[in-house]
1. With a ≥ b ≥ c the root eigenvalues of the C-alpha gyration tensor of the range 217-280, is it rounded (a/c under 1.5), prolate (a/b larger than b/c) or oblate?
2. At each listed q (0.14, 0.18, 0.22 Å⁻¹), what is the log10 of I(q)/I(0) that the Debye formula gives for the range 134-268 modelled as equal alpha-carbon point scatterers?
3. Compute, for the chain, the length of the dipole vector about the Cα centre, with Cβ point charges of +1 (Lys, Arg) and -1 (Asp, Glu) only. Units Debye, rounded to 20.
4. What is the angle, in °, between the Cα long axis of helix 285-299 and the longest principal axis of the Cα atoms in the chain? Nearest 10 is fine, range 0 to 90.
5. In whole percent, what relative contact order does the chain give with Cα contacts below 8 Å and a gap of six or more residues?
6. So which of LYS285/LYS322; LYS82/LYS262; LYS30/LYS285; LYS246/LYS309; LYS182/LYS262 end up more than 18 Å apart by C-alpha?
7. Starting from the range 162-244, pick out the trypsin sites (Lys or Arg not before Pro) whose DSSP state is loop and whose Cβ has at most 13 other Cβ atoms within 10 Å.
8. Between ILE326, GLY143, VAL100, whose Cα lies farthest towards the positive end of the dipole of the chain when Lys and Arg beta carbons carry +1 and Asp and Glu beta carbons carry -1, centred on the Cα centre?
Amino acid sequence: MKITTKTLITGVAVGLALAASATVASAGMKDYTGKTLKIVIPYGPGGTYDKYGVAFSNHLGKHLKGNPNIILQHMPGAGGAKAMNWFANVAPKDGMTMIVPLDNSVTNQLMRPKKMRYDARTLNWIGSSNQTNVVMVVRTDAGINKLSDLKTKKLIGSTSGKNSSGYINPMLIRGLFDYNIKMVTGYKGSSKSIFAMEQGESQMAAFNWLAWASKVPHWFVAKKGDKPFAKAIAQIGIFRDPDLPKSVPMISELVSKDMDKKAVGFLSVAGLLGRGLALPPGVDKDIVAGLRAAYDKMNADPAFAADLKKRKLRLIPSTGAKIQEIVNSAVEDASPEVVKHARNLIFGS
């Protein structure tokens, strides 16, 4: 893959300057007076897709001419693929319908082309508000103190479907190290998957750290004379998650074979797409530009940052143009050999 470290760092860090250089919407911005926009959430309620979607719906309209109402529509199914396929092929192209797109849109498209009926490059990426490394968390009573313990122990995980990052990343780890990991699918999003862990139906799940920190922060705090309920044992991403201890290893640091490194790097791009918004293909470019400008202003708005903090979410912003560049490069530069190797590690040959 030809995405350089410089490009990727810029993709995450560019948003940090938004407060000083937020794009000002032109006087010709579309007038949304009396209009209602819709944000599609590709999972059920309660997860970080939903939580960020709620925050977007509460703040984006303030930066659009006419201060329109914004509502949410949940469309769970097939690990988010149902919503993505509908959005790319059926959603109205009038700029009134957006989606919180899957962070693994690109990897799904390339590894499972028959299931993914979209081209991520044709979506109009509006911007992102977070970085989302995938973090594998296990119950401490599973007896897994570190990742290498899986050489001799079995682990059962819970997730939504085979297209979700909660399935793809643990199975990648299984394929890389020949660990005995089994994923049970069918749970409707991260909330249900995490609840399955709490109930003892599974021992592990893998989601972005905010899903854990916002839903079950008490799991990671040891009570007097006791162990914490769960612990993080691995993460996948381009950069270390800023909220995790340095003792939680990056999978990229544990692999040595060249093709394995490339497969991990290919999947790690998902973290940079994070949580944001996109418009379907075919939307008028002026509408796209206006919504990108409004999104940048929202990211720079202290009220938006305060609302995210209140919801136990964080702000690591990036512009729509930068996300578009990352997506285009990831699709165009991923070699067939790397994609095939990653697919075989995850789904079998």
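Just so you know, all these numbers are worked out from the coordinates, no wet-lab data involved. Predicted model only: the values in this text are computed from it and were never measured. Using ideal geometry, Cβ is built from the backbone for each residue, glycine included, and neighbour counts are taken over all protein chains shown.
1. Verdict is oblate for the range 217-280.
2. So the normalised log intensities work out to -0.58, -0.99, -1.52.
3. With only Lys, Arg, Asp and Glu charged at Cβ, the dipole is about 600 debye.
4. So the helix axis and the longest Cα principal axis differ by about 60 degrees.
5. Normalised by residue count, the contact order of the chain is 31 percent.
6. From the list (LYS285/LYS322; LYS82/LYS262; LYS30/LYS285; LYS246/LYS309; LYS182/LYS262), the Cα-Cα distance tops 18 Å for LYS82/LYS262; LYS246/LYS309; LYS182/LYS262.
7. LYS223, LYS224
8. The listed residue farthest towards the positive side: GLY143.
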